[in-house]
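**Q** Sharing a structure here in structure tokens format.
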Amino acid sequence: MPLEATMICVDNSEASRNGDYLPTRFQAQSEAVSLIFNAKTSSNPESAVGLLSMAGTAPNVLNTPTANFGAVLAGLHETKIKGSIRLGTAISVAMLALHHRANKSQRQRVVVLICSDLDPARDGNDSEKELIKLAKRCKKNKVSVDFVAFGDATSSETRSVLEKFVEAVGGASSNEGNYLAVIPPGPGLLSDSLITTPIVNTGAPTDMGGMEGVENTSGAGGQSSFEFGIDPAADPELAMALRMSMEEEQNRLERERRQREEQERQNGERMETITEEAGSSAPDNKQPRVEDEKPGDGK
């Protein structure tokens, strides 16, 4: 991943209390925040991640972009579930926070976790017209926007608006990449599905704007492009277990390779030592010789 400053917008509306995503929608977002933070900062240590809540009296910046995960966790713990989201206002506030980032060489990105319906009657900034205008402003200011839509946000109306927003801001085909991951309820965790999307995994297919983020397309010749031949959407726990198993096997092989190299190095040094000792002691390595008896010494 490139050097980025990312603002994560969490949905702390009343809709986030629902338990259709384990353990609850809000707790599922907390795990997703942890996943995104680790993905961004581990790929580039100079990247930074901030946090913003979208519901309540008004959107609230909990943390400006930082590399301190403890500060982000503290912000999550302080977040109260109440009210309804104000998506347009939240993205505008996130843009402002990114504008004042400490490192101006960082690319700007907003990741929105949304689990509730948009209600233009409640907030005029959440109308389709205003959100499209905001998307164009994001594009002008070189701010990429990703959406993780789940829960009520997977409804046709809200999803349609989000799809149009992503398209207006540049879509997945742009250099910066803008994605919409639509994740339906399932037995797995939200973060398990999110890890298969380009929002977290840069190796995932990028032609998924407006499509369900846990779905992939088939490769050439009709071959499945799913890693290990397993659809993560169908069984995310199995896909994760296979991925971890592969990583463990790679680590084991790497350890064995290093052990072999270390053993060969030690054997080589030992042979050199033996050769040097043999060579240095050769001239002096004579057997003791009994002196010949002199005439007249015998009894």
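The values are calculated or read from the model by the stated rules, or taken from the named source; none is laboratory data. The shown structure was predicted, so the numbers you read here are calculated from the model rather than taken from an experiment. Quick reminder, even Gly has a Cβ in these numbers, built from the backbone with ideal geometry, and neighbours come from all protein chains shown. Side chains included, ligands, DNA and RNA excluded: accessible areas come from the protein's heavy atoms. Shrake-Rupley method; radii C 1.70, N 1.55, O 1.52, S 1.80 Å.
**Q** Only one residue in D146, D123, D192 is of a type outside the set (A, V, I, L, M, F, W, C) and over 19 Å from I8 (Cα atoms). Which one?
**A** Residue meeting the stated conditions: D123.
**Q** Based on this model, can you work out whether S116 counts as touching a helix residue (DSSP H, G or I) at 6+ places or on another chain (Cβ under 9 Å) and either at pLDDT below 95 or in a loop (DSSP other than H, G, I, E, B) (or both)? Give the steps one after another, and end with the answer.
**A** Details: touching a helix residue (DSSP H, G or I) at 6+ places or on another chain (Cβ under 9 Å): yes; either at pLDDT below 95 or in a loop (DSSP other than H, G, I, E, B) (or both): yes.
Yes, satisfied.
**Q** Could you grab me the full set of residues in region 168-185 that are out of contact with any strand residue (DSSP E or B) (no Cβ under 9 Å at 6 or more places or on another chain) and modelled with pLDDT under 90? Before you say what the answer is, go through the steps one by one.
**A** So in region 168-185, the residues out of contact with any strand residue (DSSP E or B) (no Cβ under 9 Å at 6 or more places or on another chain) come out as 168, 171, 173, 175.
Within region 168-185, G171, S173, N175 meet the criteria.
**Q** Criterion first (over 15 Å from I91 (Cα atoms), modelled with pLDDT of 95 or more and either in contact with a helix residue (DSSP H, G or I) (Cβ under 9 Å, 6 or more places away or on another chain) or buried (at least 20 other Cβ atoms within 10 Å of the Cβ) (or both)) does F150 satisfy it?
**A** Yes.
**Q** Out of K129, K164, I need the residue that is out of contact with any Asp or Glu (no Cβ under 9 Å at 6 or more places or on another chain) and in a helix (DSSP H, G or I). Which one? Steps first, please.
**A** Values: K164 fails: out of contact with any Asp or Glu (no Cβ under 9 Å at 6 or more places or on another chain).
Criteria check complete, one pass: K129.
**Q** Restricting to region 159-171, count the residues that are on the phi < 0 side of the Ramachandran plot and in contact with a Ser or Thr (Cβ under 8 Å, 6 or more places away or on another chain).
**A** Total meeting the criteria: 1.
**Q** Can you find a residue in region 28-44 that is polar (S, T, N, Q), over 21 Å from K142 (Cα atoms) and surrounded by 16 or more Cβ atoms within 10 Å (Cβ to Cβ)?
**A** Yes, some residue in region 28-44 is polar (S, T, N, Q), over 21 Å from K142 (Cα atoms) and surrounded by 16 or more Cβ atoms within 10 Å (Cβ to Cβ).
**Q** Shifting gears a bit: Looking at the structure I just gave you, is K139 surrounded by fewer than 19 Cβ atoms within 10 Å (Cβ to Cβ), among the basic types (K, R), touching a helix residue (DSSP H, G or I) at 6+ places or on another chain (Cβ under 8 Å) and farther than 27 Å from P185 by Cβ?
**A** So K139 fits the description; yes.
**Q** Which residue pairs have Cβ atoms closer than 8 Å, lie 6 or more positions apart in sequence or on different chains, and pair a first residue in region 94-107 that is farther than 12 Å from E46 by Cβ and part of a helix (DSSP H, G or I) with a second residue that is open to solvent by 80 Å² or more (accessible area, probe 1.4 Å) and not charged (D, E, K, R)?
**A** These pairs meet every condition: A97/T64.
**Q** Criterion first (part of a helix (DSSP H, G or I), of a type in the set (A, V, I, L, M, F, W, C) and surrounded by fewer than 18 Cβ atoms within 10 Å (Cβ to Cβ)) does L76 satisfy it?
**A** No, not satisfied.
**Q** Which of the residues belonging to region 1-21 are surrounded by 17 or more Cβ atoms within 10 Å (Cβ to Cβ) and part of a helix (DSSP H, G or I)?
**A** Those that are surrounded by 17 or more Cβ atoms within 10 Å (Cβ to Cβ) and part of a helix (DSSP H, G or I): A15, S16.
**Q** Out of region 30-63, which residues are of a type in the set (V, I, T), modelled with pLDDT under 95 and outside any helix (DSSP H, G or I)?
**A** Matches in region 30-63: T57 only.
**Q** Quick one: would you say T24 is open to solvent by 70 Å² or more (accessible area, probe 1.4 Å) and without any contact (Cβ under 8 Å) to a residue 40 or more places away in the chain? Let's see the steps before the verdict.
**A** Values: open to solvent by 70 Å² or more (accessible area, probe 1.4 Å): no; without any contact (Cβ under 8 Å) to a residue 40 or more places away in the chain: yes.
No: the conditions fail for T24.
**Q** Given the conditions (1) on the phi < 0 side of the Ramachandran plot; (2) open to solvent by 30 Å² or more (accessible area, probe 1.4 Å); (3) in a loop (DSSP other than H, G, I, E, B); (4) not basic (K, R), report the number of the one that T89 does not fulfil.
**A** All conditions pass for T89, except number (3).
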